[in-house]
1. Does at least one position in segment A:547-556 carry a residue that is farther than 30 Å from A:Gly297 by Cβ and assigned to a helix (DSSP H, G or I)?
2. Looking at segment A:790-800, is at least one residue under 30 Å from the mean Cα position of the chain (by Cα), free of Cβ contacts under 8 Å to residues at least 60 places away in the same chain and not in a helix (DSSP H, G or I)?
3. Going by what's in this entry, would A:Ser57 be described as away from DNA strand B (no atom under 16 Å from the Cβ) and touching a strand residue (DSSP E or B) at 6+ places or on another chain (Cβ under 6 Å)?
4. Restricting attention to segment A:17-42, which residues are charged (D, E, K, R) and under 21 Å from A:Tyr165 (Cβ atoms)?
5. List every residue pair whose Cβ atoms sit under 9 Å apart, with the two residues 6 or more apart in sequence or on different chains, where the first one lies in segment A:158-187 and is at positive phi and the second, anywhere, is away from DNA strand C (no atom under 16 Å from the Cβ) and at pLDDT below 85.
6. Can you pull out every residue in segment A:551-583 that is modelled with pLDDT of 85 or more and at positive phi?
7. Hey, among the residues in segment A:1-14 that are more than 27 Å from the chain's Cα centre (by Cα) and surrounded by fewer than 20 Cβ atoms within 10 Å (Cβ to Cβ), which one's nearest to DNA strand C (Cβ to nearest atom)?
8. Please count how many residues of segment A:33-42 are part of a loop (DSSP other than H, G, I, E, B) and more than 16 Å from DNA strand B (Cβ to nearest atom).
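The values are calculated or read from the model by the stated rules, or taken from the named source; none is laboratory data. Worth saying up front: this structure is predicted, and the values here are computed from it rather than measured. Here the Cβ positions follow ideal geometry from the backbone for every residue, glycine too, while neighbour counts run over all protein chains shown.
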Amino acid sequence: MKYASVIVDVPAMQTDRAFDYKIPEEWQELVTPGMRVIVPFGPRKIQGFVIEIKNHSEFKRLKAISELLDLTPCLTSELIQLGQWLTEKTLCFKISAFQAMLPAAMKAKYEKALGLTTDDVTELVEQLQPFFKNGNQVDLKELEQTVSLKMIQKEIEQGHLEVIYKVKQKGNKKTIKIIKRNESLLRLTELIKELPANAKKQIEIISYFTTNEINEIALQDLLIEANTSDASVKALISKGILKEEIKEVYRDPYQDRHFEKTKRLILNNEQQQAITPLIKTINENVHDVFLMYGVTGSGKTEVYLQSIEEVLNNGKEAIVLVPEISLTPQMVHRFKGRFGSKVAVLHSGLSTGEKYDEWRKIQRKEVQLVVGARSAIFAPFENLGMIIIDEEHESSYKQEENPRYHARDVAIYRAKLHKCPVVLGSATPTLESFARSKKNVYKLLTLKERVNKRSMPQVDIIDMREELRSGNRSMFSTSLIEKLTERLEKGEQSVLFLNRRGYSSFVMCRDCGFVIQCPHCDISLTYHRHGQQLKCHYCGHEEQMPNVCPECQSEHIRFFGTGTQKVEEELVKVLPHSRIIRMDVDTTGRKGAHEKLLTRFGNKEADILLGTQMIAKGLDFPDVTLVGVLTADTMLHLPDFRASEKTFQLLTQVSGRAGRHELPGEVIIQTYTPEHYSIQLASQYDYDSFYNHEMQLRKNHAYPPYYYLALLTVSHPEITKVVSVTEKIVQFLRRNVENETKILGPVASPIPRIKDRYRYQCMVKYKREKNLHETLRKIIEHFQQEMSSNDLMIAIDLSPNTMM
DNA sequence: AGCACGCCGACT
DNA sequence: GTCGGCGTGCTC
């Protein structure tokens, strides 16, 4: 007799362990670790993951697995192990770790229904009787709307009704019907004559098979091609001449796109030097981490492509991670063009079903390469030959919700197991990675020249304070307008970049200075042109834009700050004849809208592309010769120790968008702090100096990479509770950490209240702290009751990206 | 997370 | 005396 250890789908501290189940006789040999099952849990039924098969169980009153959801495990043994590791590393629940590895379609949904337990409907209360006219089950949600719960409860007590717990799958395999011939072509030709003459349509169908000499065809195609209805097809099937088969098909998001085969390019000297050690590790089957530091346009991608080719030739698989926002069609094209149908693509633009299908291709070993965003790092490959993380510095590789993992850490963990290399690529590596390469923990591969030998575009820093002094109160400097006009005249294109983070349009009274804030969060509301609404970006609260100031009744209340809409309006005023494409969340909301706008810009249907973060990455248009950054320093003032680093990265990234082809490019950076080193050094493309300068600061302030961080955020509706809990935590930490570890706090979070919950935090800065995870676990355990009963929340982020 | 069980106050 | 509030503890 075998038993299954199951991790159940209940994300709670008390259930964060395996539960044992009997395996029914008929599945004894079938159930293996990594399969999803449905199990009884208390009174209900829920989904779970089998993580182990055992011959004994300590527990006496075992229940049996009620259903199998997979016949092939969806988690490989490696992924089960990885899940355990993730759980410890990020202090998340086991179930959350497993769920993070799978496409959303495989997560269960739960529903409750009421079932009739008697044959005689009239035993029920009259009011309930009509609901069971068409069957003996009714959806509970539906019933709740019209009937009181009490009445239902009574009926359950009397044994007339029962609650049925249902587990539903979200997405599923898409299938089509295939019609096959059941006879030889020769026999079919004979059959045409044998069929009754009035069976015209049937004859037509058979002729279609014989004249085209085909064995099978999709039903929907056959109906069109042979111009018939499925009644005739059914008739032939029942006669045994044809047969029907169900076939799983993939929703292919790229099916009507043609990818021209691209050939490998000749590598230049630098690229050759970079790829050699990489190829060596690939062929020798050893684990290593490479940092490929290559300036924009230095041809990193070609190095990726050729090393992947090597991996695939060795019969192994590869994962390429790309930041969500640069997973553009251009990017996909490069991989599909080289490797065709061997590639699966995973990103958030796909529907749940499409993601599931791409994932299935990986599981069934139909592809050898995955290109995708963060979660693609969990691709269920079993024979990994290499993992590439492009734009390694991107903060989106860190998941900001549980499990708070960093894709880079997962990549290195998996690569160690598979004895294969990890390649981290960037033009502006994170300080962490570059520091590791200096210590030779990562092997540094450097690409200093651009492939086309062009120098980087000239960058001009414009001091906006000067502009203000000389009477220019607009958001465009004289120089920027001049250069934009110049491009318009020459028929060249420009890109304007608005860095909006931490600088959205808030509403302020000009008389008393009152700023309208969210009633539930301590943050100012954002003005939305659409319907004159004020919106909170944290809790979704909405209200109407007032006509007068709520404080002083002044009419001089208006919105400040710079949204893309506002910039567009202003721009049209200054350059009335320019054609502008605006790209932001509003214009790219719909699926495919993003791509359409870019195509239009590429076709030169506009002169100026205006947008936020999303246009900073990977765009490559030959006629763009001017890039303008409207406000370079907004991000600098966020409460974030990485603010300078992010600013440097962004400016470097954006500058790389200009003059990528024959035409030379120019960059304008507008700022109120032109002397800031991250702006100065970005304009000189001087990563090394930036690195040295920033490292010194990090050292002085005890930040990464000199120290590791852990951020604990406590939240509760009452501020006194929050403060006292955080205080207790800090005291406990102080008693349990090493001497050189620093503990900051308790302090209010940068956003002190979200959704009516007060937030306090404490930051742990440590170098070596062997037992930190254990200590943090103890803290959670200590507050466990309060967390489940008293609405208390403690969030722990190990190596947080920001302090928010 | 759900859900049952169980112990106290305010009503028919 | 009963209904129903939510604190406590369990789920293989």
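1. No, because not a single residue in segment A:547-556 is farther than 30 Å from A:Gly297 by Cβ and assigned to a helix (DSSP H, G or I).
2. No, segment A:790-800 contains no residue that is under 30 Å from the mean Cα position of the chain (by Cα), free of Cβ contacts under 8 Å to residues at least 60 places away in the same chain and not in a helix (DSSP H, G or I).
3. When the stated conditions are applied, A:Ser57 passes them.
4. In the first step, residues of segment A:17-42 are kept if they are charged (D, E, K, R); the result is A:17, A:20, A:22, A:25-26, A:29, A:36.
Listed by number, the residues that qualify are A:Asp20, A:Lys22, A:Arg36.
5. Short answer, once both residue conditions are applied: A:Gly159/A:Thr117; A:Gly159/A:Thr118.
6. A:Gln553, the sole residue that qualifies.
7. Taking segment A:1-14 first, the residues more than 27 Å from the chain's Cα centre (by Cα) are A:1-6, A:14.
Cutting the leftovers down to surrounded by fewer than 20 Cβ atoms within 10 Å (Cβ to Cβ) gives us A:1-2, A:5, A:14.
Numbers: A:Met1: 13, A:Lys2: 14, A:Ser5: 8, A:Gln14: 4 Å.
Here the answer is A:Gln14.
8. Counting residues in segment A:33-42 that are part of a loop (DSSP other than H, G, I, E, B) and more than 16 Å from DNA strand B (Cβ to nearest atom) gives 3.
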